[in-house]
Amino acid sequence: MPSFVIVGASLAGAKAAETLRDEGFDGEIVLLGSEPERPYERPPLSKGYLLGNDERDSVFVHPADWYAEHQVDLRQGVTVTAIDRAAATVTVSGPAGTESPAGTESLSYDKLLLANGASPRRLDFPGSESDEVLYLRTLADSDRLRAAFQPGTRVVVAGAGWIGLETTAAARTADCQVTVLEPEPTPLHAQIGPELGAVFAGLHRAHGVEFRFGEHAVEFRPGPGGRDGIVITSAGADLAADVMVIGIGAAPNEELAARAGLEVSGGVVTDEALRTSDPNIFAAGDVARSFNPLLGRRIRVEHWANALNGGPAAARSMLGQPVVYDPVPYFYSDQYELGMECAGLPEPGSYDQVAYRGNPKTLEFIAFWLSGGAVIAGMNVNVWDVTDDIQALIRSRAKVDLGRLTDPDIPLTDI
């Protein structure tokens, strides 16, 4: 009986296991996770669950009994320490974090999927290991932030990317005092450029957030009893901080693949079928840097949709089905009264123009990033049911009439 092993009890890993069964695979499926929780979705950790609007059980991909019912051998709290490609085995130790040789096991695989995600990038400065310095990646991290975000708590957030801004919004909603440190000149500068970054800066300022651009933290001095700490910035400012949140991005967990001799380059390198440099090993989700034929280059996308869709695509590829994984990258965010969806990758340097359908000041508009007259990305803010149309514009690669594109009276389907 063939055995498929999935490293990473993540959204991508869980959806891959589900797809294998849906496609009729009746062999052994072993799903290995380093966390004590069964697979869950991460967006609620910085959105609904962190805000206290979603119940804990709502974050899980499947009910607890799903895995046994579908003959998926889910092992939680274990660490995969090595891949032996010649022997087609993985070495597993557990529970996670133990080094006891007695706790190790070798598992054989016919096909192997790496869906072991990414880890938060960490800052190293005096005081950075204090209990009051928090990150957000896991369900346990979100629980700690929920407990810390109490009315009157003074919070300093390092990083104005998506996680930094979403945790900022949650802290302000909980009536915390929040200061954000960001070395770049705007929020989300590397993700969506300065034009839309300024919109998010205005949103947060309207909710009482202080930004300190061009600054970063150089020291954290905790106070007695977990209160009255101080963050010292690169500009020499002393900021009162009971809690510090670090949100400066995530790095792919590529070390396991690298030790096995797989090609890695800012993620585990795959082709358009999510195959690595070993034809029996695949990668999906945050850890994968995959060739996207639509964009003509390799990309690594950390957002929810890539895990949701990449896991099933990898499963079909493992089964030998023809797969071309070429989605338009998609992500979404909820902050205060702003809800948005973004299609494409509007990174600075990839576009030469930003156009708007509607007024950004009203927080009800669509922004389009263009290059050479063609739409390469679009973000709808508090405007709904247009994502498919925006993605169609991106896929078409056609030059558009700017007047028609920005005219709200012309349906996007007619552009």
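The values are calculated or read from the model by the stated rules, or taken from the named source; none is laboratory data. Everything numeric here is computed off the predicted structure, so don't read it as measured data. For neighbour counting, all protein chains shown are included, and Cβ atoms are generated from backbone atoms with ideal geometry for every residue, glycine included. With ligands, DNA and RNA removed, areas are computed over all heavy atoms of the protein, side chains included. Shrake-Rupley method; radii C 1.70, N 1.55, O 1.52, S 1.80 Å.
If I take R0 = 51 Å and measure r between the Cβ atoms of residue 397 and residue 125 in this structure, what FRET efficiency does the formula 1/(1 + (r/R0)^6) give, to the nearest 0.05? The pair residue 397/residue 125 has a calculated efficiency of 0.70.
Shape of the chain from its Cα gyration tensor (a ≥ b ≥ c, root eigenvalues): rounded if a/c is under 1.5, otherwise prolate when a/b > b/c, or oblate? Verdict is oblate for the chain.
For a straight C-alpha distance cut-off of 16 angstrom, the aspartates and glutamates reachable from residue 361 (same-chain residues fewer than eight places away being disregarded) are 195, 337. Relative to the current alpha-carbon distance between residue 347 and residue 144, full extension at 0.36 nm per residue lengthens the span by 69.9 nm. Other residues with beta-carbon under 14 Å from the beta-carbon of residue 317 carry, at +1 per Lys or Arg and -1 per Asp or Glu, a net charge of -2.
Report in % the part of the accessible area of region 334-415 that belongs to carbon and sulfur, leaving out ligands and nucleic acids; probe 1.4 Å. Here carbon and sulfur together make up 47 percent of the probe-accessible area.
For the pair residue 409 and residue 235 in one chain, pulling the backbone fully straight at 0.36 nm per residue adds 57.8 nm over the alpha carbon distance. Note on residue 218 and residue 371: their simple-model spin labels are 3.8 nm apart, each label 7 Å out from Cα toward Cβ. Within the same chain, lysines fewer than 8 places from residue 111 are excluded, and of the rest, those with a Cα less than 27 Å from its Cα are 15.
Modelled spin-label separation between residue 251 and residue 26, with each label point placed 7 Å from Cα along the Cα-to-Cβ direction: 4.6 nm.
FRET efficiency for the residue 108 to residue 53 pair, using the beta carbon distance and R₀ = 45 Å, is estimated at 0.55. Each Lys or Arg adds one and each Asp or Glu subtracts one; over the other residues with Cβ under 12 Å from the Cβ of residue 394, this totals -1. Once both labels are modelled 7 Å past Cα along the beta-carbon direction, what's the residue 278-residue 334 spacing in nm? In this crude spin-label approximation the distance works out to 4.0 nm.
Surface composition of region 25-133: carbon and sulfur atoms hold 46% of the protein heavy-atom accessible area at a 1.4 Å probe. Taking every protein chain into account, the accessible area of the chain amounts to 42 square angstrom per residue (probe 1.4 Å). Residues whose amide H falls under 5 Å from that of residue 376, counting only those 5 or more places apart or on a different chain, are 369, 370, 371, with hydrogens built in the peptide plane.
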